[in-house]
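What follows draws every value from the coordinates through simple rules; no lab data is involved. Not measured: the values here are computed from a predicted model. Neighbour counts run over all protein chains shown; Cβ positions are idealised from the backbone, glycine included.
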Amino acid sequence: MSAENVHRETGLLANEPAHVSDAFVEAASLEAAVLDSLAEAAEGVPAESATAPDQTVAESDDAELAEINADAELADTDTDAAADSAAGDSGADDTDLGDSDADDSDADDSAEQPPAAAPPTGAMSAERIALKALEQRLLGGERKLRRREVASGAGLSLLSARKLWRALGFPNIGDEDVAFTERDQAALNTIVDLVRGGKLTEEAAISVTRAIGQMTDRMVVWQVEALVEDMVQNQGLTDAVARKRLVGELPSLVDALEEMLLYSWRRQLNAGVQRLAVRAEAGLASSEEGREGDEDDAPLPLARAVGFADLVSYTSLSRRMNEKTLAQLVQRFENKCAEIISVGGGRLVKTVGDEVLYIAETPAAGAEISLALCQAFTEDEILPQARVAMVWGRILSRLGDIYGPTVNLAARLTALADPGTVLVDSMTAGALEQDERFVLLPRPAEDVRGFGEIHPVQLQRGSGRGLVLD
C-alpha cells in the first residue's frame, strides 16, 4: 500500500472515499444507532436466546449501511480548488488572525443541508468500525463541521484559518468536506485568542503553530514505526499484519503517550528557557576570549560548541544489509548518540542518515561529548568508526535547527578527520589549551572551501575519566 493511495486525513484507501463525505457521516451515525440497539437488546435477552434476534437486526441494518457506504464511495468531492475560487479567497488577502469578520458566504455554507442519503444496503467491517472508534477518540468526537463553519466560528476569514491549518501540516479540504470536529474549533479559537489578546503577533502564532505541527508529525511517525517494529520482532507478525493490528493496540496506549508528551514538553521548555534565555548572555561573554570582534559569526546571538559525528563507510555498508539489519544499525547509532550527548549536557539537534549534529554550551562540554562519541563507535562491535569534529563559535537558532559559519566549519572539519579521530579548529583549540583533560595535536594547514586556509588540531583525551555512562 503506497503513500499516495492513502488519504492523509482519513487514512482510507484510494478505492474508498477520498474524503469524509456527508454520506459517510450519516453512515457512521446509523452505525452507532445500530450498535446501541444491539447493546440494549443484549441487556434484555437471555444469553441462550439472544443470538437470533441480534442477527436479524444486524442483517437489516447491515444492508442499510452498505448502501450508504457504496454511495459515499461514488461521491466525487475533490472540490477544494474550485470552491476556493468561487468563494473568493483572493478577496480575503487583507485579513489576518485578528480579523473578526468572516467571509460573507460562511452563513450560506453553514446553512446548507446535506443531500438525502440513498437507500442503505450493506455493513461496515469490524476493522472499519475499530478505525472509526479510534478516530473519534483521537479527534475528540465525530467529524460534523465544514471548514467554513470552523473559520466562521472563530471569527476568521477562510484564508486566515487555512494559514494556521497549513502551518499544522493539514492537507487541503474542500468546502463540502465534513472533516472537522468541535475540538478543531476549540484549537483554532485558542491560537486566535492569543493573537487578539496581544500575546502573540500573527507571524509568531503561525511560527509556533508550525513548530507544533512539524515536531508532532515527526514524533507520531517515529512512534508508529517503533510500535510496528516491536510487534514484528516480538510477536512474529509480518509488517503488513502488524500495521493493521496497531489500530486495535493504540486505544490502550493513547492516554499514557499523551501524558508523557505533556510531561516531556514541560521539562524541555524549562530546560530551553534556562539554556536559551537565562544563560545566553554568559555564554556570549565566555566566547569573547581569543576573538577580535570581526569574525563572520560575531553578530550571531548564541555561543555554542557545534559538533558533527559521521559514520565511516556507512553507504557501502548499508548496501550489503537487509531491511531488518539496517534498521537495527540505524537505531543503535541514534540511541548511542542520544545517550552520550544527553549525559554530556548537550543537545542532539538532528540526525541525517549516518551523521549526527549536536551542540553544547561550553567548549569543554563539546570536547567531552566529541571524544566520548568517537570512543564509543571505535569500541562498538557492530557500528563502524566515526569521524568527529567540533567548533566553538556563535550560531543562529531557528526552526529547531542551527545556522551560521560555525556549523559549516564543523561540517568541513568532519570530512578532514581520519576515522576514529576528533578535529577542532585553532580558535577552539585555544579555548581548550589550558584544560588538562585534553591533549591538542596540531595538523598541517588545509585549504577549505568557503574558509580558505585553516589549521586543524586533533583532540585527544588527557587526564580524567571523561564522560561516565551508567
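Within 10 Å of each residue's Cβ, count the other Cβ atoms and sort Val424, Val468 from fewest upward.
Ordered by Cβ neighbours within 10 Å, fewest first: Val468, Val424.
I'd like the projected area of the stretch 194-346, averaged over all directions, using the convex hull of its alpha carbons. Report it in nm² with one decimal. Intermediate values should be presented prior to the final figure.
Values: hull surface 59.2 nm².
Averaging across all directions leaves 14.8 nm² for the Cα convex hull.
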Estimated vicinal HN-Hα couplings, Hz - the stretch 358-364 in sequence order (Karplus 6.51, -1.76, 1.60; Gly, Pro = x): 9, 9, 9, 7, 9, x, 5
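Which order do peptides 427-433, 452-458, 357-363 fall in by mean Cβ count within 10 Å, highest first?
Per-residue mean Cβ counts within 10 Å order the peptides as 357-363, 427-433, 452-458.
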Volume in Å³ per residue [convex hull over Cα atoms, computed for the stretch 169-245]: 136 Å³
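Set the Förster radius R0 to 45 Å, insert the Cβ-Cβ distance between Leu469 and Val241 as r into 1/(1 + (r/R0)^6), and round the FRET efficiency to 0.05. Working shown, then result.
Working: r = 37 Å, r/R0 = 0.83.
With a Förster radius of 45 Å, E is 0.75.
Cβ neighbours within 10 Å, averaged per peptide: list 209-219, 302-312 in order, most packed at the top.
Values: 209-219: 14.4, 302-312: 25.0.
Order by mean packing, descending: 302-312, 209-219.
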Partners for Lys350 among lysines (Cα-Cα distance below 22 Å; same-chain residues under 8 apart left out): Lys336
Among 136-148, 367-379, the order from most to least packed when residues are scored by Cβ within 10 Å on average: 367-379, 136-148
Projected area averaged over orientations for the stretch 294-461, convex hull of C-alpha atoms, nm²: 10.0 nm²
